[in-house]
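Participant: Structure in C-alpha cells, see below.
The values are calculated or read from the model by the stated rules, or taken from the named source; none is laboratory data. Since the structure is predicted, the reported quantities are computational estimates derived from the model, not experimental observations. Note that each Cβ is placed from the backbone with ideal geometry, even for glycine, and that neighbours are counted across all protein chains shown.
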Amino acid sequence: MAHIMFRQLLAVSALGVCLILTGCGPKESSKPSTKTIPLDVLQDKIRGGWAGQMIGVSFGAPTEFKYLQKTIEGPLPEWNAERVKNSIHQDDLYVDMTLAQVLDDHGLDATVEQVGTMFRDVKYPLWHANLAARRNLKRGVPATLSGTPKHNSHANDIDFQIEADFVGLMTPGMPQASNDLCYRFGRVMNHGDGILGGMFVSAMYSAAFFESDPRKLVEAGLAAIPSDSDYAKVIADVLRWHQENPGDWKWNWQKIQDTWDKDEPCPSGAMLPFNIDAKLNGAYIALGMLYGEGDMGKTLDISTRAGQDSDCNPASAAGVLGVVLGYKAIPEEWKQGIDAIANEKFAFTNYTLNEIVTSSEKRAIAMATKLGGKQKGNELEIPIQEAKPMAIEMWNNYGKPAERVSVKDPRWSYTGKWTGDKMSDQKDASASIEFEGTGFILVGMYHKMSEAGTAEVYLDDQPPLVIDSSSDEDDPKGGESLYHRFDLEPGKHKVRVVILGKPYLEAKEAKVTLRDLVVFRK
C-alpha cells in the first residue's frame, strides 16, 4: 500500500511540474468564430428558401413519379404565375410547417415526444414513412420508435428529407444545431438514410446563408453525415462523377442509376422501378445543384428531369438556391405569382408565407443567441459551427429485398372466399405462403377508415398478432405493409393470414386486401 501511495504522490508531483514548466494541462477551448448578417438579409434569404420550395414543388408536380428509372425527355410543362398556387396544398410545405409549429409552441428544446404528439393528431393526408409513423403513433408505438424498421417499413424513404427545410432555415451557419434538430424530428417518421437525408438537405440550407458555390454547398451537406453511410457514398460519387464530367448531367445520372438504384426496401418499390429511397432522390438533388451551376432555371430543369420524386427534389434544390440568391434576387420569371398568395394560409397550417418567414427568422435569432451569438441592433452575430456528423443506426442490419412474390403466385394457398384481387372480409378465410429468408413485408392495401377490417397473422409457430387494414384516412393507400419482420433466423418460414371478419374500430366493412410478399435476405 505504501509503495502504491508513493507512486501516486510521485505522479501528482510530476503532473504539477509539467503544468508549471510546460503548460501541458488542459487548455481553454478557443472561442468559436462568428459571422454577422444584417437582419434584412437574413429575412430575405429565409423568404428565398421558402419561395424556392414553393417554386420547385409546383414546377415538378406534373411529372411526380411518372418517370421511373429514366430521365424526362422533351419539353416540360410551361411555367406561369398560376402554377405556384399548387404549393399551398403540397405536403412538402404543410408537413414542413407543422413540424416548425412544434418549436413555436414548445421552444427550441421541444422533445421527440412532443413532435410525436403533434404528428399523431394531424388530420392531413400522408404517404409512406409519414403515414406509417402516424399509424404507429395512433396504435401506441412511442415517438422514439415510430420511424424504426421494426415498426416502419418505409424507414429509408424520402419523407423527412422533403420536410427538413425548416431546420436549415433556422440554423444559418450552424450545422451541428441542424443535425440535432433533424435527429429529434426525423426519427419520428424515419431511420438511417431517411434521417440522414434531412441532415444532408438542412446542412446545405445552413451553409447557403454564407456560401454560393453549388459544389461547396453539396460538400457542406456531405460533411454533416457519416462518411461510411450509404447516403454519404452516393453523394460522394455524384461529386466525383461531376468532377470527371462536369458538362453532361445525363452521364452522371446513368452512373447513379447503374450503381445506386437497387435494394430499395420500401414496400411500394422493392424489386420494382418505383424508388422513393431518400439517398437516390438525394443524389438527384445534388445532380440538379451541381449541373445547375447556380442558375434557378437549370437547377429546376435537371432535378426534375432526373425523374422519380420529381417535385420533391427540385423543391429541395430550389429551396437551397433560394437562400443563396435571397428572395429579391430570384428571377421574376420564377417567383411570379408568389406575392399574390403571400398572405394565403398553407393547407392544414397556421402559416402564410409571410408568417412562416417571420417565424423562421425569430427561431434563427433564438438559435444563434442560445449558442452564444447575439443580436446587435439590425444585425445578428452567429457562432459558426463546423459540420460534425452524428452517428446513428442504419438499416443495413435488416437485410435487403431479394424476391417479390405476387398473391397470384402458385406458392400462395387460400381457403374461404377471396376476390380476384385477393380481398376478403369473410371470417376464417386464410392465405398462407412459405419462403426462405431473414425477413419479409406482407404488402397489401390500407383501406379507407369506413371499410377497414382486421386479421390475425401467424408466423411459424409464434402466437398470432392482430393487424388492421385502416389507412386512418378517408382515402385508401396501396403498396403498404400490413405486417413485416426483419429479424428472422436464416432459413424457411411460413406466414399465414386469417381474416377475422370484424371491422376496425368504427368501420362499417371489414376488408383486408393482400398484394405481395417481399422477401428479405442478409
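Participant: Within the range 318-344, track down each residue that is in a loop (DSSP other than H, G, I, E, B) and either in contact (Cβ under 8 Å) with a residue 40 or more places away in the chain or closer than 17 Å to residue 162 by Cα (or both).
Facilitator: Matches in the range 318-344: 326, 330, 336, 337, 338, 344.
Participant: Which one is farthest from residue 102 (Cα to Cα), of the residues in the range 151-202 that are touching a Lys or Arg at 6+ places or on another chain (Cβ under 7 Å) and not in a helix (DSSP H, G or I)?
Facilitator: In this case the residue turns out to be 173.
Participant: Now for a separate question. In the range 37-72, how many are over 21 Å from the mean Cα position of the chain (by Cα), closer than 21 Å to residue 298 by Cβ and in a helix (DSSP H, G or I)?
Facilitator: Selection size over the range 37-72: 3.
Table: residues versus (1) part of a loop (DSSP other than H, G, I, E, B); (2) in the same structural domain as residue 68 (by TED's automatic domain parsing); (3) under 28 Å from residue 332 (Cα atoms).
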residue: 204; (1), (2), (3): no, yes, yes
residue: 232; (1), (2), (3): no, yes, no
residue: 238; (1), (2), (3): no, yes, no
residue: 265; (1), (2), (3): yes, yes, no
residue: 273; (1), (2), (3): yes, yes, no
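Participant: Still on this structure, I have one more. Exactly one of (1) part of a loop (DSSP other than H, G, I, E, B); (2) farther than 30 Å from residue 386 by Cβ is unmet by residue 118. Its number?
Facilitator: Result: residue 118 fails condition (1) only.
Participant: Restricting attention to the range 350-399, which residues are among the aliphatic types (A, V, I, L, M) and in a loop (DSSP other than H, G, I, E, B)?
Facilitator: Of everything in the range 350-399, those that are among the aliphatic types (A, V, I, L, M) and in a loop (DSSP other than H, G, I, E, B) turn out to be 371, 384, 387, 390, 391, 392, 394.
Participant: Going by what's in this entry, would residue 197 be described as on the phi > 0 side of the Ramachandran plot and assigned by TED's automatic domain parsing to the domain that holds residue 129?
Facilitator: For residue 197, the condition - on the phi > 0 side of the Ramachandran plot and assigned by TED's automatic domain parsing to the domain that holds residue 129 - is not met.
Participant: Of all the residues that make up the range 111-120, how many are under 25 Å from residue 444 (Cβ atoms) and either more than 16 Å from the chain's Cα centre (by Cα) or β-branched (Val, Ile, Thr) (or both)?
Facilitator: The total comes to 1.
Participant: Does residue 313 satisfy the condition of being part of a helix (DSSP H, G or I), polar (S, T, N, Q), surrounded by 17 or more Cβ atoms within 10 Å (Cβ to Cβ) and in the same structural domain as residue 159 (by TED's automatic domain parsing)?
Facilitator: For residue 313, the condition - part of a helix (DSSP H, G or I), polar (S, T, N, Q), surrounded by 17 or more Cβ atoms within 10 Å (Cβ to Cβ) and in the same structural domain as residue 159 (by TED's automatic domain parsing) - is met.
Participant: Let me ask another. Looking at 96, 91, 109, can you tell me which residue is at pLDDT 95 or above, surrounded by 14 or more Cβ atoms within 10 Å (Cβ to Cβ), out of contact with any helix residue (DSSP H, G or I) (no Cβ under 6 Å at 6 or more places or on another chain) and not hydrophobic (A, V, I, L, M, F, W, C)?
Facilitator: 91
Participant: Only residues in the range 386-413 that are assigned by TED's automatic domain parsing to the domain that holds residue 424 count as the first member; pair them with residues that are among the hydroxyl-bearing types (Ser, Thr, Tyr) and surrounded by fewer than 17 Cβ atoms within 10 Å (Cβ to Cβ), Cβ under 7 angstrom, at least 6 apart or cross-chain, and list the lot.
Facilitator: Taking only residues 6 or more apart or on different chains, the pairs are 413/432.
Participant: Oh, and also: From the list 148, 171, 144, which residue is in contact with a Ser or Thr (Cβ under 8 Å, 6 or more places away or on another chain), of a type in the set (Ser, Thr, Tyr) and in the same structural domain as residue 100 (by TED's automatic domain parsing)?
Facilitator: 171
Participant: Please find, within the range 331-390, the residue that is surrounded by the fewest Cβ atoms within 10 Å (Cβ to Cβ) out of those that are farther than 30 Å from residue 297 by Cα and of a type in the set (Asp, Glu).
Facilitator: Result: 386.
Participant: Another question, then. Look at residue 261 and say whether it is among the acidic types (Asp, Glu) and closer than 16 Å to residue 307 by Cα.
Facilitator: yes
Participant: Can you tell me which residue is nearest to the chain's Cα centre (by Cα) among those in the range 396-436 that are closer than 30 Å to residue 229 by Cβ and among the aromatic types (Phe, Trp, Tyr)?
Facilitator: The selected residue is 398.
Participant: Take residue 439 and decide whether it is touching a Gly at 6+ places or on another chain (Cβ under 6 Å) and at pLDDT below 95.
Facilitator: Answer is no for this residue.
Conditions tested, residue by residue: (1) surrounded by fewer than 24 Cβ atoms within 10 Å (Cβ to Cβ); (2) among the aliphatic types (A, V, I, L, M); (3) in contact with a Cys (Cβ under 9 Å, 6 or more places away or on another chain).
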site: 151; (1), (2), (3): yes, no, no
site: 161; (1), (2), (3): no, no, yes
site: 175; (1), (2), (3): no, no, no
site: 180; (1), (2), (3): yes, no, no
site: 183; (1), (2), (3): yes, no, no
site: 210; (1), (2), (3): yes, no, no
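Participant: Here are 493, 484, 447: which of them is free of Cβ contacts under 8 Å to residues at least 60 places away in the same chain and either aromatic (Phe, Trp, Tyr) or not assigned by TED's automatic domain parsing to the domain that holds residue 197 (or both)?
Facilitator: On inspection, the qualifying residue turns out to be 493.
Participant: Could you go through the range 103-121 and let me know if any residue there is closer than 18 Å to residue 477 by Cα, assigned by TED's automatic domain parsing to the domain that holds residue 191, of a type in the set (D, E, K, R) and in contact (Cβ under 8 Å) with a residue 24 or more places away in the chain.
Facilitator: No: the range 103-121 contains no residue that is closer than 18 Å to residue 477 by Cα, assigned by TED's automatic domain parsing to the domain that holds residue 191, of a type in the set (D, E, K, R) and in contact (Cβ under 8 Å) with a residue 24 or more places away in the chain.
Participant: Something else: So, residue 506, is that one surrounded by fewer than 23 Cβ atoms within 10 Å (Cβ to Cβ), in a loop (DSSP other than H, G, I, E, B) and under 30 Å from the mean Cα position of the chain (by Cα) or not?
Facilitator: no
Participant: Okay, moving on. Out of the range 443-476, which residues are among the small types (Gly, Ala, Ser) and either in contact with a Phe, Trp or Tyr (Cβ under 8 Å, 6 or more places away or on another chain) or crowded, with 19+ Cβ neighbours inside 10 Å (or both)?
Facilitator: 444, 452, 453, 455, 469, 470, 471
Participant: While we're on this one: Please go through the range 121-136 and pick out each residue that is over 18 Å from the mean Cα position of the chain (by Cα) and in a helix (DSSP H, G or I).
Facilitator: 121
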